[in-house]
Amino acid sequence: MKALIIGGGAIAEQHCQALTKLGVEVYAICDLNIKAAQTLAEQYRAKAFGDVSLALAEQVDFVSVCTPSGTHPALAIQAMEAGKHVVVEKPLALCVEDCKSVIETEKKTGKICAPISQLRFSETYKSVKRIIEAGELGTLVTGSLSMHYYRAPEYYAGSWKGTKALDGGELFNQGIHGLDVMCGLLGKPTQVSGSVVTRLHQIETEDTAVASMIYPGGMMGTLESSTAVFYSTPRRMEICGTKGSITMIEDTISVAEGVSLELSPQKKFITNDPKLESSEEHERIYKNILAAFLGKEKLQYTTKDAANTVHLICAIYESSETKQVITLKEEL
Ligand SMILES: NC(=O)c1ccc[n+]([C@@H]2O[C@H](COP(=O)([O-])OP(=O)(O)OC[C@H]3O[C@@H](n4cnc5c(N)ncnc54)[C@H](O)[C@@H]3O)[C@@H](O)[C@H]2O)c1
């Protein structure tokens with residue numbers, strides 16, 4: 001298969017590495033900054049484009065959108081309308097309406113839009129989901145997620161990061177990784193109440209968020225997420241039920257009480273640097289995406305899944321702004 005990558009920045013490198021390992025040809029890189037496109041293209045002997053429409057006219061099997069978050073839905077729609085399947089980095093979009101437009105375009109064009117949420121493809125995620133679905137935790141009581149990270153001021157300075165239009169905020173950039181896993185494991189809450197603030201950084205959006213959530217059946221959840229905390233601590237998710245509990249630290253199982261789960265080997269996490277250590281996680285999700293593009297497997301993580309997480313994040317923002325509890329009526 002041949003891929004066109006739109007956006008030639010940090011995450012595009014991981015896509016190129018993952019795709020190459022999976023035997024896909026990185027055929028072209030397109031970036032509004034042609035130098036960025038050329039630099040990455042040189043490494044993969046790919047073509048470089050500075051214009052999206054010209055790049056989309058090329059014969060490729062799919063397009064991977066690796067641009068700033070606010071540009072994702074329009075580029076995904078443009079790619080599908082140009083007759084290509086598309087992979088979109090997280091978040092799918094920064095509002096529910098844009099998610100719906102992407103889903104409508106999938107229906108209209110018959111093309112697949114595959115969003116990225118690589119943590120949903122880990123062995124840890126799969127084992128914990130299996131335990132929950134088997135009822136081993138009993139009735140679920142609480143689910144909590146802590147994501148305390150540090151991003152240096154240079155991370156935001158002069159960048160699209162921290163802008164409302166292109167980044168969305170800490171929840172859309174960092175918090176989404178854990179929140180999306182939480183949505184996958186626990187479903188979507190029916191009520192959410194949250195607050196967001198900017199504690200450290202000189203940015204338009206929040207750098208810190210807290211929220212409490214109520215799920216169908218009465219389980220309760222909490223979230224703390226920040227990029228203003230020095231040092232970063234590893235992501236921690238705890239799911240407690242009437243018969244057992246599980247604690248996950250990053251992508252490992254560190255406590256499993258009352259359930260038939262093996263603990264993961266101890267690991268030291270270095271998390272102040274946002275750069276991904278390897279393309280392994282992207283390889284895992286791409287395996288399913290490529291098989292789905294070839295019609296060999298069902299896409300495991302869909303635009304509807306991604307849209308539900310976007311819906312939850314938007315509800316936290318709405319609650320913070322209106323100081324109201326928000327009811328999430330719609331299942332997307
Ligand atoms: N899944 C993950 O773990 C993960 C990790 C990092 C980033 N991301 C996501 O990847 C996306 C990109 O992040 P990044 O860190 O690579 O950013 P980046 O700033 O390093 O790269 C973005 C590139 O896109 C180019 N660009 C901007 N608008 C464009 C457009 N309309 N058309 C073509 N090119 C355009 C820029 O010139 C830049 O080179 C973000 O949405 C981010 O949330 C995901």
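A few notes on this one:
- Unmet criterion (only one of (1) under 24 Å from LEU185 (Cβ atoms); (2) more than 10 Å from the ligand (Cβ to nearest atom); (3) not polar (S, T, N, Q)) for LEU119: (2)
- Among residues of segment 18-51, those that are within 23 Å of the chain's Cα centre (by Cα), buried (at least 18 other Cβ atoms within 10 Å of the Cβ) and more than 13 Å from the ligand (Cβ to nearest atom), counted: 3
- Strands (runs of 3 or more DSSP E) wholly inside segment 114-232 containing at least 1 residues that are touching a Phe, Trp or Tyr at 6+ places or on another chain (Cβ under 8 Å) and farther than 24 Å from CYS99 by Cβ: 140-148, 220-226
- Of the residues ILE77, ILE132, the single one that is touching a helix residue (DSSP H, G or I) at 6+ places or on another chain (Cβ under 9 Å) and assigned by TED's automatic domain parsing to the domain that holds LEU19 is ILE77.
- Looking across segment 238-270, the residues that are touching a residue at least 24 places away in the same chain (Cβ under 8 Å) and either part of a helix (DSSP H, G or I) or out of contact with any strand residue (DSSP E or B) (no Cβ under 8 Å at 6 or more places or on another chain) (or both) come down to LYS243, ASP251, THR252, SER260.
- Scanning segment 83-116 for residues that are buried (at least 19 other Cβ atoms within 10 Å of the Cβ), farther than 30 Å from MET248 by Cα and either within 16 Å of the ligand (Cβ to nearest atom) or of a type in the set (Lys, Arg) (or both) turns up LYS84, VAL86, ASP98, VAL102, LYS111.
- Among the candidates ILE313, ILE239, ILE246, ILE289, residue that is buried (at least 21 other Cβ atoms within 10 Å of the Cβ), within 16 Å of the ligand (Cβ to nearest atom) and over 26 Å from THR205 (Cβ atoms): ILE289
- Residue match in segment 269-281 (condition: more than 26 Å from GLY9 (Cα to Cα), surrounded by fewer than 15 Cβ atoms within 10 Å (Cβ to Cβ) and more than 13 Å from the ligand (Cβ to nearest atom)): no
The values are calculated or read from the model by the stated rules, or taken from the named source; none is laboratory data. Note that this is a predicted model, so its numbers are computed, not measured. All Cβ positions, glycine included, derive from the backbone under ideal geometry; neighbour counts span all protein chains shown.
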